[in-house]
1. From the list Ala334, Ala347, Ala369, exactly one residue is among the hydrophobic types (A, V, I, L, M, F, W, C) and crowded, with 21+ Cβ neighbours inside 10 Å. Which is it?
2. Consider the range 233-284. How many of its residues are closer than 26 Å to Thr317 by Cβ and either over 21 Å from the mean Cα position of the chain (by Cα) or at pLDDT below 95 (or both)?
3. So how many residues does the range 163-207 have that are among the aliphatic types (A, V, I, L, M) and without any contact (Cβ under 8 Å) to a residue 24 or more places away in the chain?
4. Being surrounded by 15 or more Cβ atoms within 10 Å (Cβ to Cβ), without any contact (Cβ under 8 Å) to a residue 40 or more places away in the chain and closer than 21 Å to His159 by Cβ narrows it down to one residue among Tyr78, Tyr121; which is it?
5. Evaluate the range 303-312: report whether one residue or more is within 26 Å of Asn40 (Cα to Cα), away from the ligand (no atom under 16 Å from the Cβ), among the aromatic types (Phe, Trp, Tyr) and open to solvent by 20 Å² or more (accessible area, probe 1.4 Å).
6. Might you check whether a residue that is away from the ligand (no atom under 11 Å from the Cβ) and either touching a strand residue (DSSP E or B) at 6+ places or on another chain (Cβ under 7 Å) or not in a loop (DSSP other than H, G, I, E, B) (or both) occurs anywhere in the range 340-360?
7. Filter the range 10-67 down to residues that are among the charged types (D, E, K, R) and at pLDDT 95 or above and give me whichever is nearest to Asn402 (Cα to Cα).
8. Can you name every residue in the range 392-421 that is in contact with a Ser or Thr (Cβ under 8 Å, 6 or more places away or on another chain) and outside any loop (DSSP other than H, G, I, E, B)?
Amino acid sequence: MFSKSFLQLATVATSLLSSVQSAPTSLRLGKRGVAFDYSNDKVRGVNLGGWFVLEPWITPSIFSEWADGGSVVDEYTYCQTLGTSEAESRLSSHWKSWITQDDFNQIAQIGLNHVRIPIGYWAVAPLQGDPYVQGQLAVLDQAITWARGAGLKVMLDLHGAPGSQNGFDNSGRYGAIDWQQGDTVSQTITAIKNLAQRYSGDTDVVTTIELLNEPLGSDLNLDEILSYYQSGYKTVQSGSSSFATTIHDAFEDIQTYWNGKFNAASGNQNAILDTHQYQVFSPSQVAMSPSAHVSAACALGPDLAGTDKWTIVGEWTGAQTDCAKWLNGLGKGARYDGTFPGSSYVASCSGKDVGTVQDLSTDDQNNIASFIDAQLDAYEEHTGWIFWTWRTESAPEWHLQNLTAAGLFSVSSRKYPGQCG
Ligand SMILES: *[C@@H]1O[C@H](CO)[C@@H](O)[C@H](O)[C@H]1NC(C)=O
């Protein structure tokens, strides 16, 4: 009796030991308690763009009064021009209607498991003198309840920092890059602290907070980005050790720059690296053939798999052109048809600038579907992906809801399987 149970115990102990020894580093050293298994499950998600941070190209109707040029080009100038009470009233109806509970349910029904929700610092830590208006957080609270009901995880993403970290309209303020000037970095930490504290009781849904969307590494001090990330990481983890902390790659190489940083060995067990992969923001990219786009997407698979931490492609698209109206900024043209400074004509943007997925040509639809399928295969070689974006008013190449309805996107079945070999 004794010897038999001793033997059983010894067998259990041996198999436990060998499973510990063979476990990958991230499992052995990983902190417990994140409510999504980023080591073993695939992130499949969609961004809820144009909701709490306005982007003129996603919702051009909101900016139609200034379509012929003028001083309004982003959320900052929108609020500044309308004034607080008018901006509040217009934006609060936008927040209540752009994305609803039904969207969360549809997102879950098509097989996705994450939403990434961009939010500006001004929602959680407004600065005196800013024109921005508030009220988003009540809707965000609601969104988290909807996500919980639908079984979705939420990545909260600080998309705009004081001063702007990239000068893109999607940071809230188009133009200068003044983040890292004055007190802006510590003000950003305050925003992260407020977010982490507010949602510290919701870690069953809010699995991760992204410290900053797309800081433009080439125009900023990279060492100061790293030190912001270190204090931001601590700030998020002190909100709850069940949060993972997401850091954007700042457009630096995900292996040569990022391997060795923010990994388990450096004490950042709960870090997710976020890289954004678009092939439409240079003249040479918009000139690529559909098969060149597919090859470039496929090449990213091994690149992602070679990183030493959880790495997601937190933004990507079906678009192979930059035709979407105002994609490059309100009133700006496109590289694809040569109307953007420094570009030359590839082909007409007709039907791709403004239109519906249904009305895209059959060729365009097929090219988008094959590009999407290649990206799904490549990005699932590591932690997974989050598509940009769920809905647009009129930009067909970017509209995941309609791409799905048209059969050009599916989590579970590929129209173009095996393109990455
Ligand atoms: C998306 O589909 C809806 C419903 O059919 C349609 O009204 C809308 O114009 C479509 N938008 C795009 C960009 O495809």
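1. Values: Ala347 fails: crowded, with 21+ Cβ neighbours inside 10 Å; Ala369 fails: crowded, with 21+ Cβ neighbours inside 10 Å.
Within the list Ala334, Ala347, Ala369, the selection yields Ala334.
2. 3
3. Going through the range 163-207 one residue at a time, the tally reaches 1.
4. Working: Tyr121 fails: without any contact (Cβ under 8 Å) to a residue 40 or more places away in the chain.
Answer to the selection: Tyr78.
5. Step one: list which residues in the range 303-312 are within 26 Å of Asn40 (Cα to Cα), which gives 303-312.
Narrowing the set further to residues that are away from the ligand (no atom under 16 Å from the Cβ) leaves 303-312.
From what is left, the residues that are among the aromatic types (Phe, Trp, Tyr) are 310.
Filter once more, so that each one left must be open to solvent by 20 Å² or more (accessible area, probe 1.4 Å): 310.
Among the residues of the range 303-312, at least one is within 26 Å of Asn40 (Cα to Cα), away from the ligand (no atom under 16 Å from the Cβ), among the aromatic types (Phe, Trp, Tyr) and open to solvent by 20 Å² or more (accessible area, probe 1.4 Å), which makes the answer yes.
6. There is no residue in the range 340-360 that is away from the ligand (no atom under 11 Å from the Cβ) and either touching a strand residue (DSSP E or B) at 6+ places or on another chain (Cβ under 7 Å) or not in a loop (DSSP other than H, G, I, E, B) (or both).
7. Filtering the range 10-67 for residues among the charged types (D, E, K, R) gives 28, 31-32, 37, 41-42, 44, 55, 65.
Pick out the ones that are also at pLDDT 95 or above and you get 37, 41-42, 44, 55, 65.
Details: Asp37: 29, Asp41: 26, Lys42: 23, Arg44: 17, Glu55: 19, Glu65: 27 Å.
This residue is Arg44.
8. Of everything in the range 392-421, those that are in contact with a Ser or Thr (Cβ under 8 Å, 6 or more places away or on another chain) and outside any loop (DSSP other than H, G, I, E, B) turn out to be Pro396, Glu397, Trp398, Leu400, Asn402, Thr404.
The values are calculated or read from the model by the stated rules, or taken from the named source; none is laboratory data. Since we're looking at a predicted model, the values are computed, not measured. Because the Cβ atoms are built from the backbone with ideal geometry, glycine has one as well, and the counts that use them run over all protein chains shown. Remember, those area values only see protein heavy atoms, side chains included, never the ligands or the DNA or RNA. Shrake-Rupley method; radii C 1.70, N 1.55, O 1.52, S 1.80 Å.
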